[in-house]
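**Q** Encoded as structure tokens, here's the structure I'll be asking about.
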Amino acid sequence: MPSVVLDELRKALPEQDVPAVERCATDLYNALPRPDELGKNIVMVAYGGGKDSAYAVAFVRAVHLALAERHGETFQLRIVTMRHGGMPYQVMLNIDRTYRALGVYDDPHTELLLLEGDQVRPFERDRAMPYKLLEFNRTDMLMSGHRAYGDGRATFCNACNLNVANSFGVAARHGDGVDLIITGDSPREQRDYALWIRKLARKAGQKPADSGKGFKGTLETLNGLAQAYFQEIHGTENVERIQERGVTSDVPVGLQFFSIYDYTSYASGAHWQLLTGHLGFVFDEIAFNFTESDCANPALMAHLRGLRTERAYKRSYAEGIGQYVDFALGLMERKHFPQHLIDEMRERYRTDAGVETMRKVAAQYAEDAFGLNETQMVCMVYSPFAGRAANLHEFLAGEHPELVQDEERIRAVLAGAEDGELAARLERISGLSITDLRVLHDGPLWSPSTDVSVQAPVLQQVMSTDPHQKVITAKYNREGDEILDRVAGR
């Protein structure tokens, strides 16, 4: 069976990748701590369910089988998928089809894991999304988004990126641990990322871990950043919530990454036949959004931009969507997406009917995945409670004029006064508890004009150094007055 799988893979891989598999197998063999006892080495690769990670897993599986062909045995391959609220069931189906094509379900030399927070379990295609995980992601989304006007990166990516880092630590220490982690990032990208993390930590007033600790040190530094970030987002008194969002770092000091970057053809057009033919990868309307093929959140990022432009700026929903689409299509081009996928995404939003269809799709997904209705998402794009409720009057006047007369009562409730009826109303409008609304009130509100050359909140530091953003000139009222604004997302 393994030889059949390898033969089929060799036929499906791009022609230049077939000899690259052999070169990579030789180099990986030499990088293992126990090459003379191949079966005792455990090698980990992450599989998010998207097109690039599907290709990486297929390439690594070819290496895995090539070593078995050469030596009569091979390393233990641990494939890990981190699950989150923005991952639709269609992604689980893509993963399942990939696993079947690669013959890993029945191979005793493979271990297929599903990570849900700190919980590790065998991969199961039809496992229901745990409510606790959804609530975890929903709370992070709202508490981050309410500090940044529903900005795409702040709302969905900051917390998720820290969760991804944690998943690497959790998966690497699971069971007997791992000996090597395979990555598609180049060594330079890895170094740049580690340096950015250390620089960010210093700007946030923290001391980075010893650089000699390698990956373990990076995880330790990220844990410090996570603690500082989530203290800002959730409040210093919410100790349990902050502890739950730490980054696991108890991995061996010597744990290393092995990059397959120089062996592979990462432009997805080069391995289109492998993806859609051999692996059965489907670019679904829910799972495929702009630069992501394993996450529905970018559709919500566009939706929030449309809502902010329509409601807070008093322009049109389509204008805001257009701003996001222009940004995201440019990002797709920079990431070398196949032209037909770029065209497909452009066509999806090209007409008024298309925009309206995607608005309904995004709204329904927000309801299904996070339990959020449009009232609550509109509330978020105003950021009415953060920064001592700086935008409260604008929000009430624009969306709930019947409450304008109660503005001072609302401010008193946010400051701690008891008013059960008003508190319940605010909870329904926002989707957050009154406790969380008070934390928002007492914490920072992001501003694009904050000077980050001096020490600033972690959220502000992350936002200012984010590579996935575009500064634009936006019209913010019916008269067409202009302001500098930013669009950010995936």
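The values are calculated or read from the model by the stated rules, or taken from the named source; none is laboratory data. Model, not experiment: these values are computed from the prediction. Don't worry about glycine lacking a Cβ; one is built from the backbone with ideal geometry, like all the others, and counts go over all protein chains shown.
**Q** Going through Gly269, Gly254 one at a time, which residue ends up being modelled with pLDDT under 95, in the same structural domain as Asn94 (by TED's automatic domain parsing) and closer than 16 Å to Phe337 by Cβ? First the steps, then the outcome.
**A** Working: Gly254 fails: closer than 16 Å to Phe337 by Cβ.
None of the others qualify; the one that does is Gly269.
**Q** For segment 183-192, state whether one or more residues are exposed (fewer than 14 other Cβ atoms within 10 Å of the Cβ) and in a loop (DSSP other than H, G, I, E, B).
**A** In the first step, residues of segment 183-192 are kept if they are exposed (fewer than 14 other Cβ atoms within 10 Å of the Cβ); the result is 187-189, 191-192.
Still in the running and in a loop (DSSP other than H, G, I, E, B): none.
The answer is no, given that none of the residues of segment 183-192 is exposed (fewer than 14 other Cβ atoms within 10 Å of the Cβ) and in a loop (DSSP other than H, G, I, E, B).
**Q** So which residues in segment 285-339 are charged (D, E, K, R) and at pLDDT 95 or above? Step through it out loud before you land on a result.
**A** Just the residues of segment 285-339 that are charged (D, E, K, R), to begin with: 285, 292, 294, 305, 308, 310-311, 314-315, 319, 326, 333-335.
Result: Arg305, Arg308, Glu310, Arg311, Lys314, Arg315, Glu319, Asp326.
**Q** Does segment 112-126 contain any residue that is part of a helix (DSSP H, G or I) and at pLDDT 95 or above? Please lay out each step first, then the result.
**A** First pass over segment 112-126, keeping only residues part of a helix (DSSP H, G or I): none.
No, segment 112-126 contains no residue that is part of a helix (DSSP H, G or I) and at pLDDT 95 or above.
**Q** Among the listed residues Val4, Val21, which satisfies the condition of being of a type in the set (A, V, I, L, M), surrounded by fewer than 23 Cβ atoms within 10 Å (Cβ to Cβ) and over 27 Å from Asn166 (Cβ atoms)? Show your work before the answer.
**A** On the way: Val21 fails: surrounded by fewer than 23 Cβ atoms within 10 Å (Cβ to Cβ).
Just a single option satisfies the conditions, and that option is Val4.
**Q** Return the only residue of Thr155, Thr139 being in contact with a Gly (Cβ under 7 Å, 6 or more places away or on another chain), in the same structural domain as Phe230 (by TED's automatic domain parsing) and polar (S, T, N, Q). Talk me through it step by step, then tell me what you get.
**A** Numbers: Thr139 fails: in contact with a Gly (Cβ under 7 Å, 6 or more places away or on another chain).
On inspection, the qualifying residue turns out to be Thr155.
**Q** For residues in segment 100-111 being among the charged types (D, E, K, R) and part of a loop (DSSP other than H, G, I, E, B), which is surrounded by the most Cβ atoms within 10 Å (Cβ to Cβ)? Spell out how you get there, then give the answer.
**A** Taking segment 100-111 first, the residues among the charged types (D, E, K, R) are 100, 106-107, 111.
Now restrict to residues that are part of a loop (DSSP other than H, G, I, E, B): 106-107.
Values: Asp106: 9, Asp107: 20.
For segment 100-111, the residue satisfying everything is Asp107.
**Q** While we're looking at this one, here's another question. What is the residue count in segment 187-198 for residues that are within 20 Å of the chain's Cα centre (by Cα) and either under 23 Å from Ser265 (Cβ atoms) or not assigned by TED's automatic domain parsing to the domain that holds Gln76 (or both)? Quick ask: steps written out before the conclusion?
**A** The first filter runs over segment 187-198 and keeps only residues within 20 Å of the chain's Cα centre (by Cα), leaving 189-190, 192-194, 196-197.
Among the residues that remain, those that are also either under 23 Å from Ser265 (Cβ atoms) or not assigned by TED's automatic domain parsing to the domain that holds Gln76 (or both) are: 189-190, 192-193.
Going through segment 187-198 one residue at a time, the tally reaches 4.
**Q** Another question, if that's okay. Yes or no: Glu347 at pLDDT 95 or above and farther than 30 Å from Asp481 by Cβ?
**A** Details: at pLDDT 95 or above: yes; farther than 30 Å from Asp481 by Cβ: yes.
Yes.
**Q** Here is a further query. Residue under question is Arg409, and the condition is that it be farther than 20 Å from Ala154 by Cβ, out of contact with any Leu (no Cβ under 7 Å at 6 or more places or on another chain), assigned to a helix (DSSP H, G or I) and among the basic types (Lys, Arg); does it hold? I'd like the intermediate steps shown before the answer.
**A** Values: farther than 20 Å from Ala154 by Cβ: yes; out of contact with any Leu (no Cβ under 7 Å at 6 or more places or on another chain): no; assigned to a helix (DSSP H, G or I): yes; among the basic types (Lys, Arg): yes.
No; evaluated as a whole, the condition is false for this residue.
**Q** If you don't mind, there's one more thing I want to ask. Of everything in segment 466-490, what is crowded, with 16+ Cβ neighbours inside 10 Å and farther than 30 Å from Lys199 by Cα? Give them in sequence order.
**A** Ala474, Lys475, Tyr476
**Q** Hey, among the residues in segment 130-163 that are outside any helix (DSSP H, G or I) and on the phi < 0 side of the Ramachandran plot, which one's surrounded by the fewest Cβ atoms within 10 Å (Cβ to Cβ)? Steps first, answer last, please.
**A** Pass one, segment 130-163, residues outside any helix (DSSP H, G or I): 130, 146-151.
Among the residues that remain, those that are also on the phi < 0 side of the Ramachandran plot are: 130, 146-148, 151.
Values: Pro130: 14, His146: 29, Arg147: 27, Ala148: 26, Asp151: 30.
Applying the filter and picking the extreme gives Pro130.
**Q** Could you tell me how many of the residues in segment 271-280 are touching a Ser or Thr at 6+ places or on another chain (Cβ under 7 Å) and not in a helix (DSSP H, G or I)?
**A** 1
**Q** Still on this structure: Which one is farthest from the chain's Cα centre (by Cα), of the residues in segment 61-89 that are farther than 19 Å from Ile42 by Cβ and buried (at least 18 other Cβ atoms within 10 Å of the Cβ)?
**A** The residue in question is Pro88.
**Q** Quick check on segment 81-99: of everything there that is in contact with a Gly (Cβ under 8 Å, 6 or more places away or on another chain) and not in a loop (DSSP other than H, G, I, E, B), which residue is nearest to Arg127 (Cα to Cα)? Please lay out each step first, then the result.
**A** Restricting attention to segment 81-99, the residues satisfying the condition of being in contact with a Gly (Cβ under 8 Å, 6 or more places away or on another chain) are 81-82, 87, 91-92, 94-95, 97-98.
Checking the rest, the ones that are also not in a loop (DSSP other than H, G, I, E, B) come to 81-82, 91-92, 94-95, 97-98.
Details: Thr81: 13, Met82: 13, Val91: 12, Met92: 9, Asn94: 14, Ile95: 13, Arg97: 16, Thr98: 17 Å.
Only one residue tops the list, namely Met92.
**Q** May I ask you to list the residues in segment 200-217 that are assigned to a helix (DSSP H, G or I) and without any contact (Cβ under 8 Å) to a residue 40 or more places away in the chain? Steps first, please.
**A** Quick first cut of segment 200-217, residues assigned to a helix (DSSP H, G or I) only: 200-203, 211-213, 215-217.
Within segment 200-217, Ala201, Arg202, Ser211, Gly212, Lys216, Gly217 qualify.
**Q** Another question, if that's okay. Give the residue that is surrounded by the fewest Cβ atoms within 10 Å (Cβ to Cβ), with candidates limited to residues of segment 339-365 that are under 22 Å from the mean Cα position of the chain (by Cα) and of a type outside the set (A, V, I, L, M, F, W, C). So that I can check it myself, show each step before the final result.
**A** Taking segment 339-365 first, the residues under 22 Å from the mean Cα position of the chain (by Cα) are 341-342, 345, 358-359, 361-365.
Right, trim to of a type outside the set (A, V, I, L, M, F, W, C) and you get 359, 364-365.
Working: Arg359: 20, Gln364: 11, Tyr365: 20.
Top of the filtered list is Gln364.
**Q** Can you pull out every residue in segment 49-80 that is out of contact with any strand residue (DSSP E or B) (no Cβ under 7 Å at 6 or more places or on another chain) and either assigned to a loop (DSSP other than H, G, I, E, B) or of a type in the set (S, T, N, Q) (or both)?
**A** The answer is Gly72, Glu73, Thr74.
**Q** Right, next: Within segment 274-317, can you find the residues that are closer than 30 Å to Arg100 by Cα, in contact (Cβ under 8 Å) with a residue 60 or more places away in the chain and polar (S, T, N, Q)? Give the steps one after another, and end with the answer.
**A** Step one: of segment 274-317, the residues closer than 30 Å to Arg100 by Cα are 274-299.
Adding the requirement that they be in contact (Cβ under 8 Å) with a residue 60 or more places away in the chain leaves 274-275, 277-287, 289-299.
Residues satisfying the conditions are Asn289, Thr291, Ser293, Asn297.
**Q** I'm trying to understand the selection: among the residues of segment 207-261, which are among the basic types (Lys, Arg) and closer than 30 Å to Ser144 by Cα? I'd like the intermediate steps shown before the answer.
**A** Looking only at segment 207-261, we keep the residues that are among the basic types (Lys, Arg), and these are 207, 213, 216, 241, 245.
Correct list: Lys207, Lys216, Arg241, Arg245.
**Q** If you don't mind, another one. Here is a check on your reading of the model: is Leu180 out of contact with any His (no Cβ under 8 Å at 6 or more places or on another chain), at pLDDT 95 or above, buried (at least 22 other Cβ atoms within 10 Å of the Cβ) and not basic (Lys, Arg)?
**A** On the way: out of contact with any His (no Cβ under 8 Å at 6 or more places or on another chain): yes; at pLDDT 95 or above: yes; buried (at least 22 other Cβ atoms within 10 Å of the Cβ): no; not basic (Lys, Arg): yes.
Judged against the criteria, Leu180 is not a match.
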